[in-house]
Amino acid sequence: MKFFHLSDLHIGKQLHRYHMAADQRDILDKIVELVKREQPDAVILAGDIYDSPVPSAEAVSVFDRFLTMLDEQTPQPSVLIIAGNHDSAKRLDFASSILAKHRVHIAGMPPVREEESLRKVTLFDPYGEVDFYLLPFVKPAYVRSLFPGEELTYDLAVRRLLERENIDSARRNVLVSHQFYTAGGSEPSVSDSEVRLVGGIENVDISAIALFDYAALGHIHRAQKIGKETFRYCGTPLAYSVSEAEDEKSVTVVELLEKGRAPVIRELPLAPLRRVRKLSGTLEEILTETPEEYRHDYVSITLTDELEAYQPKERLEEQFDHILEIRVDNARTRKILSFAEEGESLEPYAAFCRFFAEMNGRDLTEQEKKVLGEVIRAGQEEIQ
Ligand SMILES: [Mn+2]
C-alpha cells in the first residue's frame, strides 16, 4: 500500500499582499506529476485544504482542478480528505456522498450524534486490508454532546472519539488527523504560519494514537516526525511565511508493508514557482550581487546601510517583482529595538512620547501632543 501524505494546502492563501493562486496551481500540477510517476494507491490531504472557511471562487476552482486531475489518473488513486481548523467542516462536506463514488472520501464534521462514527475507508493491497480513519479537526466543544458530564480537553476529546471506534489492533490502521500533537511534552517545530491557541491547551499527546501503524498528520507547517518515525507531519507544499524561507517542502510518500513491519517513508522534494528568500546587505550589495534568478522570488530584504539609502523601495522594486517586506538593520534601528524590548507595555500615547524623546532628544510640544492624541483616537475608532 503506497500513499501520498499531504496537508495544509491553504488554497487561496495570500503571502503578505500577493495572491498565491499561480504558485498553488503550479505546485498541485507538480504533485500530479509525482502521482503519475509513483502511482500511489491513495492521496491523503490531512486538513487545511483552504486558507479560509469561505474560500474564494478562484480558490475553489484551483482545488477542483486538482481533484479532477487526480480523478483522471490511471490507476486512479483514492483521495482521503479531512477538514482542518481553517476549513468550514460543513462546506467541505458538500456532495461528499456523491464524491465517494469517485473514490474521493471527505470527512468535514467529526461525529456529533450517538449513532455516528468516524469515516473509515478500507483499501486493499497484496497484504490484505488497511483501514484509514478520517478524524477531522476537532475542538472539545464540537463533540461535547457525545460525552455528557466529562470535562473534555483537546487530548481527551481525541482519546474518547478513538475509543468509541473499537479499532482492531490486529489490523493495519492509519489515522488521518489535524491536531497539535506533542510527544511526552516535546512540541513539534513550528513556523510563523500556523495559528496557535494561547496557553498551549490544544495539544494532544501521541499516546492517544499509539495503536496506529501510521499517523498522517496535518496542522504543523514543517515536515517532521513527532515522537516516532510513523507519526508524521508532512508540512505545507509551499512556504507560507518568511520564517519558512530555508525549509525544503516535500510530499511524504509511505509504503505500508505487512502488519508489524516498518513502513518505507520517503520525502519527495517539491520545487516552487517562486521561493521565499531572505536577503540581507547594503542597498548596493543587494542591487548588484543578488543572483538573477532571485528577481521573481518572494523576498524579505534587510538593508544594513548605516546611512539611510536614497529611495530604497523604488530602486528595489525595479529589480524585484515580489517584495514581501523591506527592513532596516543598523545602529539606529537596533536602538529602537532595544527601546521596544524594555518589556514595559505602554499605551500608544505614552509609548510614542517616549519614542519621540529617545529619537529627538526633546519632548513633544503641547501642540504636537494635541495632534498625537487626535491621530491615536482616530486610529482606534478605525479599528473598532
Ligand atoms: Mn494549516
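As a test of the formula, what do you get for the chain when each DSSP H run with n ≥ 4 contributes -39,500 (n - 2.57) and the sum is divided by the residue count, at 222 nm and rounded to the nearest 500 deg cm²/dmol? Intermediate values should be presented prior to the final figure.
Working: 10 runs with 108 residues, N = 384.
My calculation for the chain gives -8500 deg cm²/dmol from helical runs alone.
Under a 10 Å cutoff between Cα atoms, tell me which one of Ile286, Ile106, Ile11 has the largest fluctuation in the Gaussian network model of the chain.
Ile286
Restricting the count to DSSP beta bridges whose residues both fall in the stretch 209-362, what percent are antiparallel, rounded to a multiple of 5?
Around 40 percent antiparallel, to the nearest 5.
With everything on Cα atoms, drop me the angle between helix 366-383 and the longest principal axis of the chain, reported from 0 to 90° to the nearest 10.
Taking the Cα atoms of the chain, the angle to 366-383 is about 20 degrees.
Taking the Cα atoms of the chain, report the difference between the largest and smallest coordinate on each principal axis, in whole Å and largest first.
78, 55, 38
If you build a Gaussian network model of the chain, linking Cα atoms that sit under 10 Å apart, which residue out of Pro348, Pro291, Pro75 swings the most?
Between Pro348, Pro291, Pro75, it is Pro348 that shows the largest mean-square fluctuation.
On the full set of protein chains, 1.4 Å probe, figure out the accessible area of His19 and give it in Å² to the nearest 10.
Near enough 130 Å² of accessible area.
Among DSSP beta bridges lying fully in the chain, give the percent that are antiparallel, nearest 5.
Antiparallel bridges make up about 35 percent of those DSSP assigns within the chain.
Principal axes first, then extents: for the Cα atoms of the stretch 276-383, list largest minus smallest coordinate on each axis, whole Å, largest first.
Computed over the Cα atoms, the extents are 51, 31, 27 Å.
With every protein chain present, what is the per residue accessible area of the stretch 22-93 (1.4 Å probe, Å²)?
40 Å²
Restrict the search to the stretch 205-285; then list the GluC sites (Glu not before Pro) that DSSP places in a loop and that have at most 12 other Cβ atoms within 10 Å of their Cβ.
Glu246, Glu258
Could you state the number of Å between the C-alpha centres of the stretch 222-249 and the stretch 285-307?
26 Å
Which of Thr230, Thr288, Thr182 moves most in a GNM of the chain, Cα contacts under 10 Å?
Of the options given, Thr288 has the highest mean-square fluctuation.
Using alpha-carbon pairs under 8 Å, 6+ residues apart, how would you state the relative contact order of the chain in percent?
Normalised by residue count, the contact order of the chain is 14 percent.
Restricting to Cα atoms and excluding each atom paired with itself, what does the Kirkwood estimate give for the stretch 1-95 in Å?
Computed over Cα pairs of the stretch 1-95, the Kirkwood hydrodynamic radius comes out at 13.6 Å.
Just subtract the alpha-carbon distance of Glu318 and Ser52 from 0.36 nm times their residue separation and send over the number in nm, one decimal. It would help to have the intermediate numbers written out before the result.
Details: separation 266, 0.36 × 266 = 95.76 nm, distance 3.28 nm.
Between Glu318 and Ser52, full extension yields an extra 92.5 nm.
Which of the GluC sites (Glu not before Pro) found in the stretch 119-161 are loop residues per DSSP with 13 or fewer other Cβ atoms within 10 Å of their Cβ?
When the GluC sites (Glu not before Pro) of the stretch 119-161 are filtered for loop state and at most 13 Cβ neighbours within 10 Å, Glu150, Glu151 remain.
The values are calculated or read from the model by the stated rules, or taken from the named source; none is laboratory data. The structure presented is a predicted model; accordingly, all values stated were derived computationally and were not measured. As a convention, Cβ positions derive from the backbone with ideal geometry for all residues, glycine included, and neighbour counts pool all protein chains shown. Side chains included, ligands, DNA and RNA excluded: accessible areas come from the protein's heavy atoms. Shrake-Rupley method; radii C 1.70, N 1.55, O 1.52, S 1.80 Å.
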